[in-house]
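Before any comments, here is the structure.
The values are calculated or read from the model by the stated rules, or taken from the named source; none is laboratory data. Predicted model only: the values in this text are computed from it and were never measured. We place every Cβ from the backbone using ideal geometry, glycine too, and count neighbours over all the protein chains shown. Side chains included, ligands, DNA and RNA excluded: accessible areas come from the protein's heavy atoms. Shrake-Rupley method; radii C 1.70, N 1.55, O 1.52, S 1.80 Å.
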Amino acid sequence: METITLRTDTADCFAEAVVQASSSLRHGAVVALPTETVYGLAANALDAACVAKIFEAKDRPSENPIIVHVADESMARDCVAEWPAAAAALAKAFWPGPLTLVLPKAEGIPDNVTAGGDTVGVRWPRHPLMQEVIRACRFPLAAPSANVSNQVSPTTADHVAAQLAGRIPLIIDGGAAEVGIESTVVEVAGDTVRVLRPGMISGEAIAAVCPVGAGENETGILKSPGQLPRHYAPNARLLVLTWTDAEDLEKRIAYSRTPHDRVCVIAHNRIVAGTRFGRVSILPNDPESYARALYAELHECDAEGAELIVVEAVPEAVEWQGIADRLARASE
Ligand code: TXA
Ligand code: MG
């Protein structure tokens with residue numbers, strides 16, 4: 001299958017991309033689209049046969065539910081059977097944005113979207129291209145991240161092409177993702193709210209809007225279906241470590257017997273000299289900029305044939321919770 005990539009960097013090609021993407025989606029195809037978190041692989045959420053094509057292109061296990069993307073609150077309410085006050089409050093505070101609300105599903109949502117479950121995840125993304133495409137389609141879009149299952153999510157159109165070229169007909173290039181890691185997923189059951197997947201909207205920010213119920217552990221974070229312990233992982237082995245200087249770091253990875261030129265280091269605070277390792281990248285030391293840059297860095301390490309990626313451990317502060325979660329899953 002030939003894969004076409006369309007740009008959106010002028011008003012004309014943006015408009016043309018909206019027309020092409022929405023017409024492909026209306027004809028039942030899958031299309032890779034930019035969102036502010038990561039790129040998504042979209043299909044008509046109301047048509048099981050279209051959604052099935054997502055699973056096929058991604059090699060996605062069928063027990064993993066898919067998030068449904070909408071372009072306003074009323075479209076979200078059409079996808080769910082209940083809209084409790086907590087959902088309304090969270091939508092008002094964080095939509096459009098990187099927050100997914102899991103609620104009892106409406107009848108019209110096919111089983112393969114929810115992995116056979118009674119709930120559906122809905123999100124109103126804030127990327128303008130994604131919003132325009134949903135409005136043009138006038139149906140919601142089911143979209144998981146646009147990567148082969150269990151690989152690192154794409155934050156650029158090039159990342160999508162590297163994994164899915166030949167497997168999907170159309171990629172829309174909407175620039176580098178602004179948030180950089182996947183949305184915070186929150187379950188709303190009546191007035192009980194729980195974080196299922198941390199993200200850049202922190203548990204604290206959620207709790208400031210409505211009370212968060214206790215989860216399986218003290219952080220209030222529950223296990224989400226389809227969330228394998230190893231997920232969001234690069235091909236190379238990934239270790240999260242702390243170190244004092246380059247010598248200390250060398251000692252800590254010596255046991256792995258990885259040749260130094262196959263080791264990639266991702267630091268943000270204790271910077272080590274680039275000469276000793278295959279690649280040393282320095283990410284910004286604030287969580288928003290770090291999240292924006294992280295996945296591109298992991299894709300780059302894989303592209304360079306890294307055997308071992310050593311990531312400097314991030315702070316334990318709440319603002320870093322989503323990033324720490326992804327690093328932990330990538331290092332399983
Ligand atoms: O930012 C994002 O959320 C991106 C963009 C494209 O919107 N999407 C994304 O989708 O990360 P995906 O498929 O890679 O991850 C969706 C995860 C599932 O693995 C599951 O953990 C959770 O969201 N999820 C979705 N629907 C759910 C449901 N009904 N109940 C519980 N968890 C659900
Ligand atoms: Mg994913």
*Given charges of +1 on the Cβ of Lys and Arg and -1 on the Cβ of Asp and Glu, with all other atoms neutral, how large is the dipole of the chain about its Cα centre, in debye to the nearest 20?*
400
*Return the calculated 222 nm mean residue ellipticity for the chain, to the nearest 500 deg cm²/dmol, obtained by summing -39500 (n - 2.57) across DSSP H runs with n ≥ 4 and dividing by the residue count.*
-9500 deg cm²/dmol
*Select from 23, 149, 183 the residue whose mean-square fluctuation is largest in a Gaussian network model of the chain (Cα-Cα springs shorter than 10 Å).*
23
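Just to be sure I follow the rule: in the chain, considering lysines 8 or more places apart or on different chains, how many pairs have Cα atoms under 26 Å apart?
6
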*Treat each spin label as a single point 7 Å out from the Cα along the C-beta direction, and report the residue 74 to residue 158 distance in nm.*
4.2
_For residue 170, distant residues with modelled amide H under 5 Å away_ = 4, 32
*asked:* If I build a Gaussian network model for the chain, linking alpha-carbon pairs within less than 10 angstrom, which residue out of 67, 282, 54 has the largest mean-square fluctuation?
replied: 282
*At a 1.4 Å probe, what is the % contribution of carbon and sulfur to the accessible area of the chain?*
49
*Report relative contact order for the chain in percent, whole number only (criteria: Cα-Cα under 8 Å, sequence separation at least 6).*
20
*When ligands, DNA and RNA are left out and all protein chains stay put, how many square angstrom of accessible area per residue does the chain have with a 1.4 Å probe?*
42
*GNM, the chain, Cα, under 10 Å: largest mean-square fluctuation among 146, 81, 57?*
81
*Between 195, 145, 180, whose Cα lies farthest towards the positive end of the dipole of the stretch 4-207 when Lys and Arg beta carbons carry +1 and Asp and Glu beta carbons carry -1, centred on the Cα centre?*
145
_Calculated from backbone phi, Karplus (6.51, -1.76, 1.60) coupling profile of the stretch 308-323 in Hz, x at Gly/Pro_ = 9, 10, 10, 10, 5, 4, 8, x, 7, 4, 4, 5, 9, 4, x, 5
*Rounded to the nearest Å, what's the spacing between the alpha carbon centres of the stretch 1-48 and the stretch 107-122? Just the number, please.*
22
